[in-house]
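Q: Here you go, one structure.
None of the figures in this text is laboratory data; all of them are computed from the coordinates on show. Everything numeric in this text was worked out from a predicted model, so none of it was measured. All Cβ positions, glycine included, derive from the backbone under ideal geometry; neighbour counts span all protein chains shown.
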């Protein structure tokens, strides 16, 4: 009876010739499994041990094919390197600084630059972090990251040619301890300096020169193509660069600005003066600190800072800028350090990174304008000794230089005469360096 076997297969019985279990694979799947060793050509299964052995052997062969050629290549490269060793780079040898007795005469006679970068020792930048006052600041401050429009060349030989970049720099080891850089502005101030100077010099020098330019223009937004700058600066060991002269021509302002470093007899710090002997920086009439070296941060300098930073030695007296009451002291000390909050009729003032309070200063005490209230320091989130002075009106930060009276100090008498001598010397050195290095600046380097 014909239908019998067919009915048996339909009912799930094994097909004729099968060893039991599922139907053998057909078509492409069968060929693949046959090659893999899981089925015989007739469709029957192979013993599991044979299949595992075949798969293991296949994995070993695949690993050898994949990893042996790279090993041979590495061995060949190592053998070639051993046969042809690369000569070691010459070690840079710095010349000793000139003796102090002859430093003045050497500085008065500028010499031509020779190739070689300025010392690359790490120079600490003056960029104290903005402090956050509990419940008063409108937003946490964050320093503006440096602009990396162009990477500074690691080697002076890799720097662009002078005619193309219009940047020159006097190398260390010459007869003067001052360095010179002259440039036509292209991009940001940092990008301009970084095209010629190593990053270890361009970074801090940009910050220091920016503190000068900020009194004339806003460096982060007011620089224009065609602006020119020339700087004489010093690189003291373990300190930030020290600017001795800056000449800057602004096409936006349509004029040339000048600044010269000078320390009058008996003055605690050297300051920067214009060609007429007036200070570049403005001073607050009702200042919280009288003896300071420099203002290192302003509200509008592009850093997003919440106050004014006065660079001053630890222990410098701090005074109340207006009548008021001590609202609180020492809050959020991990960031603010020792700090004081003065509440007045119109403004509130915050003093951060202090070293200590003046005797008798405590919350609730009333003080008069000019009273000693604290001493500056370097506590909390601070990178260098300074006073952070933050003026508030309600919950809004305000600029002391726009709401308080200001003035610019001027030299007189013998101090002015001594300054004129120093200014002429620096002007002569600026001209000599620019001519020696053939820096194509169109602005006059002397008034």
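Q: Rounded, prolate or oblate for segment 246-372? Axes are the square roots of the Cα gyration tensor eigenvalues, ordered a ≥ b ≥ c, and the cut-off for rounded is a/c under 1.5.
A: Working: a/c = 2.33, a/b = 1.91, b/c = 1.22.
Here segment 246-372 falls in the prolate category.
Q: How many nm separate the modelled label positions at residue 424 and residue 269, each set 7 Å beyond the Cα in the direction of the Cβ?
A: 3.0 nm
Q: For a bin width of 5 Å, list the pair-distance distribution of segment 209-250 built from all Cα-Cα distances, rounded to whole %.
A: That works out to 5, 20, 29, 21, 14, 7, 3, in percent per bin.
Q: With the alpha-carbon atoms as the only input, what is the per residue convex hull volume for segment 347-400 in Å³? Walk me through the numbers on the way to the answer.
A: Values: hull volume 6.0 nm³, N = 54.
Hull volume normalised by residue count: 111 Å³.
Q: Separation between the residue 221 and residue 383 pseudo-spin-labels, each 7 Å from Cα along Cα→Cβ, expressed in nm?
A: So the label points at residue 221 and residue 383 sit 2.3 nm apart.
Q: For labels at residue 369 and residue 256 in the simple 7 Å Cα→Cβ model, what's the distance in nm?
A: Roughly 4.2 nm, to one decimal.
Q: Regarding segment 186-333, what is the average projected area of its C-alpha convex hull, in nm²?
A: Details: hull surface 45.8 nm².
About 11.4 nm², averaged over all directions.
Q: So between residue 410 and residue 56, what do we pick up on full extension, going 0.36 nm a residue minus the alpha carbon distance?
A: On the way: separation 354, 0.36 × 354 = 127.44 nm, distance 9.04 nm.
Residue separation times 0.36 nm, minus the Cα-Cα distance, leaves 118.4 nm.
Q: Next up: Taking only Cα atoms of segment 283-442, what ratio of Rg to Rh do you get with Rh as the Kirkwood inverse-distance radius?
A: Values: Rg = 19.6 Å, Rh = 17.6 Å.
Taking Rh as the inverse mean 1/r over Cα pairs, Rg/Rh reads 1.11.
Q: Roughly speaking, what is the stretch gain from residue 345 to residue 402, that is 0.36 nm per residue apart minus the C-alpha to C-alpha distance, in nm to one decimal?
A: Numbers: separation 57, 0.36 × 57 = 20.52 nm, distance 1.79 nm.
So the chain would gain 18.7 nm between residue 345 and residue 402.
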